[in-house]
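This is the structure, below, for whatever I ask next.
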Number of protein chains: 2
Amino acid sequence: MIYQSAQLDAMEQRYRAAFVNSLSGFKAANLVGSCDADGQYNLAIMSSVVHIGSHPPLLALVLRPDDAKQHSLQNILSQKHYTLNHVSEDIFKAAHQTAARYPKEISEFDAVGLDTQQLADFPAPFVKAAVVKLGMLLRDHKKLEINGTHLIIGEIVLACVPDSIIGDDGSVDIGAANTVTLSGLDSYYSTSRLARMPYAKP
Amino acid sequence: MIYQSAQLDAMEQRYRAAFVNSLSGFKAANLVGSCDADGQYNLAIMSSVVHIGSHPPLLALVLRPDDAKQHSLQNILSQKHYTLNHVSEDIFKAAHQTAARYPKEISEFDAVGLDTQQLADFPAPFVKAAVVKLGMLLRDHKKLEINGTHLIIGEIVLACVPDSIIGDDGSVDIGAANTVTLSGLDSYYSTSRLARMPYAKP
């Protein structure tokens, strides 16, 4: 069936949110770790991480200003350091629970039962159980006027990845790390590799 | 192993590209269809689609200016209309081949053997074999000064989705559509649903 703007606009709000959130395709599932000036930890699942470049190594996050992620946004903007932690099969239920609206004085690490980890004096907390852990430094912040969301661009200044899943060519086998992928607002998937494709030439 | 900025910077260029491209997690695999003012078609696989908002329904694309995707960028900026087509298991090899640097006068639809489709007088070409097809209208364009990439924000003005994969709550079962997911530069994966999770409350 074909839905055009008028039909999309007429959808009930939650129905439209579920529908539109499914349309981009599969999404990365990352836990964003941060802390405020008082050392209060925050952890939030996000599905909006996107690759911006390799040199320097840059990833962006899209954040809504008005939802349960506001503490993460405040922490990232004030402290500049945050972490991205891949969600794997053994922690996806706890990871999803971080989406609940906990008060600021509650650490989602404690609330959902995920242990913190410190790495190399990095000032934001990592998720101990995550197989792939990234330490990020805020490099740019743009408010997208079109709908008030925030684009947060960070540089990967620390990557903690087991040597056993790094290939000879530098590629990381995130399937072997049991990293999950997300669809829509709440569907979690495991993956099976179909193929690695050669560099495409005409 | 922990890699910090100095180690990341010292990596050989292609090794670093493969490594860093793996770190964001699983990515959406979409074919971007466009055409120029003369009606010349272009088709390019992209892994950088990210959800921006549901109302209005907005998706962003991150595009490098200097690679094989330059024809797509020119077409999107000049014609404003483009399409996003989910890559499914039966077309992922043809989809990957669109990454080759074909001359502008070659349509990648023809070069890789994917049929075009017109829908509802939309001015850009869809991929007939794609199960989920989106017609996009350019709404904003930002050049990211940090590395010269382009952020293209488009509104979904047409969504072609089979009724059979739309749930009662509006969610779309893109796993049932055999939509694939990508890791790094060249690894394609099928998915298996682990769970749908309930709305998280403290």
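The values are calculated or read from the model by the stated rules, or taken from the named source; none is laboratory data. Treat the numbers as computed from the prediction; the structure is a model and nothing was measured. Cβ atoms come from the backbone with ideal geometry, glycine included; neighbour counts cover every protein chain shown.
If I filter region B:89-108 for residues that are within 30 Å of A:Arg139 (Cβ to Cβ), basic (Lys, Arg) and touching a Gly at 6+ places or on another chain (Cβ under 7 Å), do I get at least one hit? Spell out how you get there, then give the answer.
Our first condition is that a residue be within 30 Å of A:Arg139 (Cβ to Cβ); within region B:89-108, this holds for B:99, B:101.
Keeping just the survivors that are basic (Lys, Arg) gives B:101.
If we keep only those that are touching a Gly at 6+ places or on another chain (Cβ under 7 Å) too, we end up with none.
No, the conditions are met nowhere in region B:89-108.
If you don't mind, there's one more thing I want to ask. Identify, please: which residue in region A:138-170 is without any contact (Cβ under 8 Å) to a residue 24 or more places away in the chain and assigned to a loop (DSSP other than H, G, I, E, B) and is, among those, farthest from B:Arg139 (Cα to Cα)?
Among residues in region A:138-170 that are without any contact (Cβ under 8 Å) to a residue 24 or more places away in the chain and assigned to a loop (DSSP other than H, G, I, E, B), the one farthest from B:Arg139 (Cα to Cα) is A:Asp168.
List, please: which pairs have Cβ atoms under 8 Å, are six or more places apart or on different chains, and start with a residue in region A:120-137 that is more than 14 Å from B:Ile2 (Cα to Cα) and more than 9 Å from chain B (Cβ to nearest Cβ) and end with one that is assigned to a loop (DSSP other than H, G, I, E, B) and among the polar types (S, T, N, Q)?
Correct list of pairs: A:Pro125/A:Gln118.
Further question: Please count how many residues of region A:191-202 are part of a loop (DSSP other than H, G, I, E, B) and either among the hydrophobic types (A, V, I, L, M, F, W, C) or at the interface with another protein chain (Cβ under 7 Å from one of its Cβ atoms) (or both). So that I can check it myself, show each step before the final result.
As a first pass, look at region A:191-202 and keep what is part of a loop (DSSP other than H, G, I, E, B): A:197-202.
Now drop any that are not either among the hydrophobic types (A, V, I, L, M, F, W, C) or at the interface with another protein chain (Cβ under 7 Å from one of its Cβ atoms) (or both), which leaves A:197, A:200-202.
Residues that pass the stated criteria total 4.
In this structure, does A:Leu63 turn out to be closer than 21 Å to B:Pro57 by Cα and under 14 Å from the mean Cα position of the chain (by Cα)? Spell out the reasoning first.
On the way: closer than 21 Å to B:Pro57 by Cα: yes; under 14 Å from the mean Cα position of the chain (by Cα): yes.
Spelling it out, A:Leu63 is indeed closer than 21 Å to B:Pro57 by Cα and under 14 Å from the mean Cα position of the chain (by Cα).
Residue by residue through region B:11-55, note down the ones that are among the charged types (D, E, K, R), facing chain A (nearest Cβ under 7 Å) and in contact (Cβ under 8 Å) with a residue 40 or more places away in the chain.
Listed by number, the list holds a single entry, B:Lys27.
Mind listing whichever residues of region A:155-165 are facing chain B (nearest Cβ under 7 Å) and touching a strand residue (DSSP E or B) at 6+ places or on another chain (Cβ under 7 Å)?
A:Ile156, A:Val157, A:Leu158, A:Ala159, A:Cys160, A:Val161
May I ask you to list the residues in region B:62-94 that are in contact with a helix residue (DSSP H, G or I) (Cβ under 8 Å, 6 or more places away or on another chain) and within 18 Å of B:Phe126 (Cα to Cα)? Break it down into steps so the answer makes sense when it comes.
At the first step, the residues of region B:62-94 found to be in contact with a helix residue (DSSP H, G or I) (Cβ under 8 Å, 6 or more places away or on another chain) are B:63, B:65, B:82, B:87, B:94.
Scanning region B:62-94 gives B:Tyr82, B:Val87, B:Ala94.
Right, another one. Considering only residues that are buried (at least 21 other Cβ atoms within 10 Å of the Cβ), closer than 28 Å to B:Arg16 by Cβ and at the interface with another protein chain (Cβ under 7 Å from one of its Cβ atoms), which ones fall in region B:170-190?
B:Val180, B:Thr181, B:Ser183, B:Gly184, B:Ser187, B:Tyr188, B:Tyr189
Can you report the number of residues in region A:57-75 which are more than 18 Å from B:Gly25 (Cβ to Cβ), touching a Phe, Trp or Tyr at 6+ places or on another chain (Cβ under 9 Å) and at pLDDT 90 or above?
Residues of region A:57-75 that are more than 18 Å from B:Gly25 (Cβ to Cβ), as a first pass: A:64-68, A:70-71, A:73-75.
Filter once more, keeping what is touching a Phe, Trp or Tyr at 6+ places or on another chain (Cβ under 9 Å): A:68, A:71, A:75.
Within this subset, residues satisfying the condition of being at pLDDT 90 or above are A:71, A:75.
Result for region A:57-75: 2.
Here's a check for you: in region A:116-137, which residue that is in a loop (DSSP other than H, G, I, E, B) and charged (D, E, K, R) is farthest from B:Lys143 (Cα to Cα)? Step through it out loud before you land on a result.
Here is the first cut: in region A:116-137, the residues in a loop (DSSP other than H, G, I, E, B) are A:118-125, A:128-132.
Narrowing the set further to residues that are charged (D, E, K, R) leaves A:121, A:128.
Numbers: A:Asp121: 34, A:Lys128: 36 Å.
So, considering only residues that are in a loop (DSSP other than H, G, I, E, B) and charged (D, E, K, R), the one farthest from B:Lys143 (Cα to Cα) is A:Lys128.
Could you tell me whether region B:94-101 includes any residue that is modelled with pLDDT under 95, on the phi < 0 side of the Ramachandran plot, surrounded by fewer than 16 Cβ atoms within 10 Å (Cβ to Cβ) and not small (Gly, Ala, Ser)?
Taking every residue of region B:94-101 in turn, at least one turns out to be modelled with pLDDT under 95, on the phi < 0 side of the Ramachandran plot, surrounded by fewer than 16 Cβ atoms within 10 Å (Cβ to Cβ) and not small (Gly, Ala, Ser).
Name the strands (runs of 3 or more DSSP E) wholly inside region A:1-115 in which the number of residues that are more than 30 Å from B:Ala10 (Cβ to Cβ) and not aromatic (Phe, Trp, Tyr) is 1 or more. Break it down stepwise before answering.
Values: elements: A:2-4, A:30-35, A:41-46, A:50-54, A:57-63, A:81-86.
Answer list for region A:1-115: A:2-4, A:41-46, A:57-63.
One line per residue, one yes/no per condition, for (1) more than 13 Å from A:Val50 (Cβ to Cβ); (2) aliphatic (A, V, I, L, M):
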residue: B:Gln7; (1), (2): yes, no
residue: B:Ala37; (1), (2): yes, yes
residue: B:His55; (1), (2): yes, no
residue: B:Leu59; (1), (2): no, yes
residue: B:Val62; (1), (2): no, yes
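I would also like to ask the following. Kindly indicate whether B:Ala6 is modelled with pLDDT of 95 or more, over 30 Å from A:Arg64 (Cβ atoms) and buried (at least 17 other Cβ atoms within 10 Å of the Cβ). Steps first, answer last, please.
On the way: modelled with pLDDT of 95 or more: yes; over 30 Å from A:Arg64 (Cβ atoms): yes; buried (at least 17 other Cβ atoms within 10 Å of the Cβ): no.
No.
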